[in-house]
Amino acid sequence: MKAPRSGCISTSGVIITLIALLIIGAIGAARGGVLFNPGALNSQAGTQPVGGVVSHAETGGRCSACHTAVWQRDKMSDRCLICHQALVNDPQGFHKVMVAQSWSWDCHNCHTEHNGAQASLTISDLSRFPHDASGYSLIAHQKNPAGVGFTCSDCHGSQIGELDIAICIECHQRINRLYMDDHLVAFGRECLACHDGLDTYGKGFDHNQQAFPLQGEHASVICSQCHVGARKIIDLQNTAVACSACHGNDDPHQARFGQDCGQCHTPGGWEEAAFDHSLADFQLTGTHQSVACDSCHLNAVFQGTPQDCYSCHMADDDHQGRFGQDCAQCHSPDGWEGAAFDHSLATFQLTGAHQTTACDSCHLNGIFQGTPQECSACHADTAFHHGLFGNTCAECHNTNSWLPALFELSHTFPINHGESELNTCRTCHPDSLAVYTCYTCHEHSPDRIESKHREEGISSFQDCTRCHPTGHEEEGGGRGGDDD
């Protein structure tokens, strides 16, 4: 039994179809692809031959001159560049920019063919033109100031591949002549060196998103005041951000404080400067914290200001320099009053009762340096001995108190001898401690002491303590002769 046929498909039918396709393909190849030609090629002649022809029509309808097969690696744009390579080799040309920035864009997206012998080879539909790929976006140029959509000729004139900057300037001067004239003076006429149609450096530019935010007074400063002489984006980006770069000529300190204005000032204004004095060598403590800056920094001189107390307080020195110039030995920044001097650092140590003695008791008239250190210098008027013992008070007394004195403890003759309470050392020692006499109280006369001693056979009676060591009348002391 024979298998049923599959419709019109048969071996002979397939063979006939293939033969027909081969014949059609051969005819098309032989006649330059005329079978697939959608329309006449452009016949407008150029100024000079390109690729051996002056117009596309002179290719004779040879499709392979522009079109490539699906299995070939090159594209139709590659075939275009075989003839039009000079367009993309011109470093200043429009097509060079297009090829460099939009490598995926094909020539036929802008240039079409087969629309007739006299049809334009360039499309005029801006919606299809990749203007962003040229490096300049049309986002900010959708409509002109009159509210009408832009056309290519509005900016490019008759040459679509060229841009006359004068057109940009004239248009923007009509919008705001005063601003535009100032802008040209400040930044020049090369608009495209900074502007890209996206307002990257125009109205939409936010300076606060950059490394140098505009704060305080800076927010109202016009661009050209800081970006002096800028002509390109790189010039704007390389503008110095140091305060001194703009304010160096207005510096009232004349660079005496260095160039880091931000240590004291803020963008809010030059006034109300605030300097962190803790960063300086001289720390502000005590009453120094409330002192006005110009009290120490005379004539706005900061660097090199003396740090010693005396340089500022010399005129207020009650001591008139008698204590030297190192005020900090006694005073502190908390105030002049309540001065505290560490006397242990001095050659005269304060011990005993001296520790509670007022300074001016020894340092008369505010004189400190050169104050005498011997006891008699302070105690001469109150000394009980009236100079009989000399000036070396410390041989008997100490700083804890005048009494008891060491000499009193070692005195062999009774200090309390006699009945009078007015007895003093001078009673027995009227001239010096080395010589004594008893005749201040015991009268030395022929009818009394002398005669009485001679009756007893005592001829040498000048040295009373020899016989009366304790001061009593009846004492065994031996009776001395003339040679005793």
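The values are calculated or read from the model by the stated rules, or taken from the named source; none is laboratory data. Remember, it's a predicted structure, so these values are computed and weren't measured experimentally. Glycine gets a Cβ as well: all are built from the backbone with ideal geometry, and neighbour counts include every protein chain shown. Side chains are part of the model used for accessible areas, which takes the heavy atoms of the whole protein and leaves out ligands, DNA and RNA. Shrake-Rupley method; radii C 1.70, N 1.55, O 1.52, S 1.80 Å.
For this structure, a couple of remarks:
- Length gained when the stretch ALA57-ILE15 is fully extended (0.36 nm per residue, less Cα-Cα span): 11.4 nm
- Positive-end extreme of charge dipole, the chain - chosen from ALA274, CYS223, CYS293 (charges on Cβ): CYS223
- Based on DSSP H segments of at least four residues, each scored -39500 (n - 2.57), the chain has a per-residue ellipticity at 222 nm of -6000 deg cm²/dmol.
- Charged-residue dipole, Cβ positions (Lys, Arg, Asp, Glu), region 321-381 about Cα centre, Debye nearest 20: 100 debye
- Given charges at beta-carbon only (K, R positive; D, E negative), |dipole| of the chain in Debye: 6820 debye
- Dipole of the chain [Lys/Arg +1, Asp/Glu -1 at C-beta], most positive-end residue of THR351, HIS444, ILE24: ILE24
- Inter-label distance for ALA300 and GLU113, nm, one decimal - labels placed 7 Å from Cα along Cα-to-Cβ: 7.7 nm
- Sorted peptide list for 55-67, 325-337, 245-257, criterion being average Cβ within 10 angstrom, highest first: 55-67, 325-337, 245-257
- Kirkwood radius and radius of gyration were both taken over the C-alpha atoms of region 116-197, and their ratio Rg/Rh is 1.01.
- For the pair ARG177 and GLN355 in one chain, pulling the backbone fully straight at 0.36 nm per residue adds 55.3 nm over the alpha carbon distance.
- Counting only protein heavy atoms and a probe of 1.4 Å, the accessible surface of region 260-411 is 55% carbon and sulfur.
- Of all lysines in the structure, those lying under 26 Å Cα to Cα from LYS75, and not within fewer than 8 positions of it along the same chain, are LYS96.
- Per-residue HN-Hα couplings for region 340-356 [Karplus 6.51, -1.76, 1.60; θ = phi - 60°; Hz; x = Gly/Pro]: 10, 9, 7, 5, 5, 7, 8, 6, 9, 7, 8, 10, x, 5, 5, 5, 9
- Across the chain, the mean sequence separation of Cα contacts (distance under 8 Å, 6 or more residues apart), normalised by length, yields a relative contact order of 6 percent.
- Here each label is just a point 7 Å from Cα along the line to Cβ, and for LEU279 and LEU345 those points are 3.2 nm apart.
- Estimated dipole of region 224-361 in Debye, rounded to 20 [Cβ of Lys and Arg +1, of Asp and Glu -1, Cα centre]: 600 debye
- Positive dipole terminus of region 108-208, leading residue within ALA146, HIS114, ILE160 (C-beta point charges): ALA146
- Against the chain, whose longest principal axis is taken from its Cα atoms, helix 76-89 shows a tilt of about 60°.
- Share of carbon and sulfur in the accessible heavy-atom surface of region 98-233 [1.4 Å probe, %]: 55 percent
- Within the same chain, lysines fewer than 8 places from LYS143 are excluded, and of the rest, those with a Cα less than 25 Å from its Cα are LYS203.
- 1.4 Å probe accessible area per residue over the chain, in Å²: 73 Å²
- 0 to 90° range, to nearest 10: angle between helix 177-187 axis and the chain longest Cα axis: 70 degrees
- Once the chain from VAL148 to GLN215 is taken as fully extended at 0.36 nm per residue, the excess over their C-alpha distance is 20.3 nm.
- By the rule of a C-alpha distance below 18 Å, with chain neighbours fewer than 8 residues away ignored, the aspartates and glutamates paired with LYS452 are GLU443, ASP463, GLU473, GLU474, GLU475, ASP482, ASP484.
- Working from label points 7 Å from Cα in the Cα-to-Cβ sense, the ARG231 to GLU455 distance is 14.1 nm.
- Helix 165-175 vs. the chain, principal-axis angle (Cα, 0 to 90°, nearest 10): 70 degrees
- Label corresponding to Rg and Dmax of the Cα atoms in Å when calculated from the structure given, among (1) 60.1, 202; (2) 21.5, 73; (3) 25.1, 80: (1)
- Per-peptide average of other Cβ atoms within 10 Å, ordering 466-473, 271-278 highest first: 466-473, 271-278
- Cβ-Cβ distance of ILE169 and GLN85, R₀ of 51 Å, FRET efficiency by 1/(1 + (r/R0)^6): the value works out to about 0.90.
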